[in-house]
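One structure below.
Read-outs throughout are calculated quantities, based only on the coordinates presented, and are distinct from any laboratory measurement. All of these numbers come straight from a predicted model, not from anything done at the bench. Every residue, glycine among them, receives a Cβ derived from its backbone with ideal geometry; neighbour counts consider all protein chains shown.
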Amino acid sequence: VPTLRDLGEIEVLRRLTADRSPAAGVALGPGDDAAVLDPSPGTELVATTDAFVEGAHYLPAWSAPERTGARLATANLSDLAAMAATPRWALLSIGARPESEVDALLALQRGAEDRLARFGAVVVGGNLTSVSGAEWASLTLLGEVPAGRYWTRSGARPGDLLAITGSPGRAGAGLALARRLEAGARSPEWQALLDAWLEPEPRLDLALDLASTGAVKAAMDVSDGVAQDLARLCEASGVGAEIATGEWPDDSELARASHSLGVPLEALRLGPSDDYELVLAVDPKRRAACEDVAARHGVALGFVGRFIEESGLSVRLAGGEVRALRPKGYDAFEGEG
Ligand SMILES: [Mg+2]
């Protein structure tokens, strides 16, 4: 099994770019000093980037390279979903140790490329560099949105409905359960939650169709946890939010994990978790249009609270009692807390 050192940079780059075929919107692809792109008329470009570092954002014992590549693509695709943008072009940079296997590198790239391709985007370039410590991969993704039609975090107003896709908290629960298992162990009992952590899907198709309803006034994807990400959206919009726990969608897997981990269900739902679900502020008059779109996509869309004038987050318990909520989520520099 050849390593990067065995083959050398030129041969590894040749293999990485071997079967790139011409793609729409690419005037000049990989192989020159830079790619030349051809955006659609009447659109604005939307750009995002995300880096995964070995040991911090992915655990090799749990995630084969192909899966890690797919998840890195999902993290970026999810950001474009939160902007209601259509993904087009990506740049992939990798820092790898010389003793790593070339096949692992190719698999990581393939995982990213396949996931991007499903949503219409192609890798048009990148960079390969040698590291001695933790390996990493960084993806930059460009997308398009009809001019002026992008979503932001800042459009929520008091009275708007708070909606979430799927069942946030599952990825964080999966990670917490994985920590109890032997590295890479199979656990049919917890497979659904482990998959939510290891194989998240971006809500792109849903986002693009929701955008066409005109009902969404602000959006953000859940990459650190609902409480933390919702707090950021509220701050950007200059509003607060009240979460109604009684209206949260039932999730028997999450309830079972809550019991097994000894962690309150609310803490799993709202705490640190990179689910890549969407948090949305919805015009109350257009709730039904959003529900129709979500049903068509087979994605759960829960209306779990509302935006209010008073800043901060609060939780309305099933009995009616309202409690302040301190945002907890994943902070890259503090860890969880
Ligand atoms: Mg984001």
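Could you list, ordered by first residue, the pairs with Cβ atoms under 6 Å in which the first is in region 158-186 and free of Cβ contacts under 8 Å to residues at least 12 places away in the same chain and the second is surrounded by fewer than 20 Cβ atoms within 10 Å (Cβ to Cβ), at least 6 apart or interchain?
Sorted first by the residue in region 158-186, then by its partner, the pairs are L181/S187.
Go through G95, G8 for me and flag whichever is farther than 30 Å from L208 by Cβ and touching a strand residue (DSSP E or B) at 6+ places or on another chain (Cβ under 6 Å).
Matching residue, one of G95, G8: G95.
Which is farther than 25 Å from D205 by Cβ and in contact with a Pro (Cβ under 8 Å, 6 or more places away or on another chain), of A255, A231, A241?
A231
From the set of residues in region 221-246 that are over 15 Å from G155 (Cβ atoms) and among the hydroxyl-bearing types (S, T, Y), which is nearest to the ligand (Cβ to nearest atom)?
S223
Residues that are among the charged types (D, E, K, R), more than 16 Å from the ligand (Cβ to nearest atom), out of contact with any strand residue (DSSP E or B) (no Cβ under 7 Å at 6 or more places or on another chain) and within 19 Å of P146 (Cβ to Cβ): does region 200-220 have at least one?
Looking for residues that are among the charged types (D, E, K, R), more than 16 Å from the ligand (Cβ to nearest atom), out of contact with any strand residue (DSSP E or B) (no Cβ under 7 Å at 6 or more places or on another chain) and within 19 Å of P146 (Cβ to Cβ), one finds at least one in region 200-220, hence yes.
Which residues, counting only those in region 44-68, are over 17 Å from V131 (Cβ atoms) and either away from the ligand (no atom under 16 Å from the Cβ) or buried (at least 17 other Cβ atoms within 10 Å of the Cβ) (or both)?
Within region 44-68, E44, L45, V46, T48, D50, L59, A61, W62, S63, A64, E66, R67 meet the criteria.
Confirm whether A27 is part of a loop (DSSP other than H, G, I, E, B), more than 16 Å from the ligand (Cβ to nearest atom) and either under 16 Å from the mean Cα position of the chain (by Cα) or under 19 Å from R88 (Cα atoms) (or both).
Answer is no for this residue.
Given (1) more than 16 Å from the ligand (Cβ to nearest atom); (2) assigned to a loop (DSSP other than H, G, I, E, B); (3) closer than 27 Å to A171 by Cα, identify the lone condition not met by A84.
Unmet for A84, out of (1) more than 16 Å from the ligand (Cβ to nearest atom); (2) assigned to a loop (DSSP other than H, G, I, E, B); (3) closer than 27 Å to A171 by Cα: (1).
Condition check: away from the ligand (no atom under 15 Å from the Cβ) and touching a His at 6+ places or on another chain (Cβ under 7 Å). Does D250 satisfy that?
no
Has region 58-78 got any residue that is charged (D, E, K, R), farther than 28 Å from I164 by Cβ and in a helix (DSSP H, G or I)?
Yes: region 58-78 contains one or more residues that are charged (D, E, K, R), farther than 28 Å from I164 by Cβ and in a helix (DSSP H, G or I).
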